[in-house]
């Protein structure tokens, strides 16, 4: 009987130890889960438009300096990826670089505008017709014939000069705001654009630089060096003959320096499109407080970095409207 009692006490002690271990394990799991959730709540993920990527990186770097507890994951991939990731909940914010469509609104997209930039037509600085191109520019009609109509196949024909040179068209292979915006300027959609498809803004710029007979388009930030204000090595911007008179008039000739281009965009001289607003998008209004706080900062204190990063600020009336969407 004494032996049975000892066995019973031993079993109780063992059970108590097991229960204690289980409680400790459960508490640890809960603490780890809370820590993991806290870390998740303090990490903001962004993906999407190459056009907005440099400014988004600048913003995240500056914001992290004053809020070191907030971590960021930022990736490019094009506006199409940014919208898809945002609607799928794969990222906190998509970076988007074209007008929000009704279909996207129907899917519950929420957005705020942040800044303005533009798409510019680009060629190689080794193009043998460069002097004539800079003098005459190309009209909207000429660009439409090249990129959508497919009727312009020779530089000499386009520029109405006797010299010949096969015109090679490049476009974007990824769903992107730059292509959609450029196409909209020409009266079409991205799928209407002809040419050799190249992935990404850097890829398209590189393809044009390497082909002296090539023509493409790029976001301004990939055509100009924001440090020097000059065009990036090997690339030239085709001046747009806005009034269609066959010459680049003094008020149309602002492509020599990035600052002048940005001023032309801000003043409404450069057409819109291809000038356009850039956005953060998400599936419904963001629920995470860290995300809302970051967006609010980009529209207030963060606006001081817009010009420095090579973009055009949006006006205060629009900023106030977007801030109201955060409340």
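Based on the mean of other beta carbon atoms within 10 Å per residue, what is the order of 316-327, 57-68, most packed first? Walk me through the numbers before you get to the answer.
Working: 316-327: 12.4, 57-68: 14.7.
Sorting 316-327, 57-68 by mean packing, highest first, produces 57-68, 316-327.
Need one word for the stretch 118-266: rounded, prolate or oblate. Basis is the Cα gyration tensor (sqrt eigenvalues a ≥ b ≥ c); a/c below 1.5 gives rounded, then a/b vs b/c decides.
Numbers: a/c = 1.26, a/b = 1.03, b/c = 1.22.
Judged from the Cα gyration tensor, the stretch 118-266 comes out rounded (a/c under 1.5).
For the residues 45, 124, what sequence is obtained by ranking on other C-beta atoms within 10 Å, fewest first? Show your work: numbers first, answer last.
Details: 45 17, 124 20.
Fewest-to-most ranking of 45, 124: 45, 124.
Looking at the square roots a ≥ b ≥ c of the eigenvalues of the Cα gyration tensor of the stretch 196-266, which shape do they give, rounded for a/c under 1.5, prolate if a/b is larger than b/c, or oblate? It would help to have the intermediate numbers written out before the result.
On the way: a/c = 2.14, a/b = 1.36, b/c = 1.57.
Cα axes put the stretch 196-266 in the oblate bin.
First check a/c for the stretch 34-128, with a ≥ b ≥ c the square roots of the eigenvalues of its C-alpha gyration tensor; if it is under 1.5, answer rounded, and if not, answer prolate when a/b is larger than b/c or oblate otherwise. Write out the running numbers ahead of the final one.
Details: a/c = 2.57, a/b = 1.45, b/c = 1.77.
In terms of gyration-tensor shape, oblate.
Just order 148-156, 102-110 by mean Cβ neighbour count inside 10 Å, highest at the front, would you?
With the highest mean Cβ count within 10 Å placed first, the list reads 148-156, 102-110.
Taking every DSSP beta bridge with both residues inside the chain, roughly what % is antiparallel (nearest 5)?
Numbers: 24 of 39 bridges.
Bridges in the chain that DSSP calls antiparallel: roughly 60 percent.
Once both axes come from the Cα atoms, what is the angle between helix 53-66 and the longest principal axis of the chain, in degrees from 0 to 90, rounded to 10?
Taking the Cα atoms of the chain, the angle to 53-66 is about 40 degrees.
In whole Å, how far is the Cα centre of the stretch 110-175 from that of the stretch 181-247?
7
Extending each Cα 7 Å along its Cβ direction at residue 65 and residue 140, get the distance between those two points in nm, one decimal.
4.2
Return 215, 221 ranked ascending by Cβ neighbour count within 10 Å, so the fewest neighbours appear first.
Working: 215 26, 221 22.
With the fewest neighbours first, 215, 221 line up as 221, 215.
Based on other C-beta atoms within 10 Å, arrange 83, 95 from fewest to most.
Ranking 83, 95 by Cβ neighbours within 10 Å, fewest first, gives 83, 95.
Efficiency by 1/(1 + (r/R0)^6): what FRET value for residue 245 and residue 131, r their Cβ-Cβ distance, R0 = 25 Å, to the nearest 0.05? Display every interim value, and only then the final one.
Numbers: r = 19 Å, r/R0 = 0.74.
Working from the Cβ atoms, E equals 0.85.
Calculated from the structure, Cα extents along the principal axes in Å equals which of [x] 118, 39, 39; [y] 55, 44, 40; [z] 78, 54, 30?
[x]
Rule-based calculations on the coordinates, nothing more; no lab input. These figures come from a predicted structure and were not determined experimentally. With ideal geometry, Cβ positions are generated from the backbone for all residues, glycine too; neighbour counts draw on all protein chains shown.
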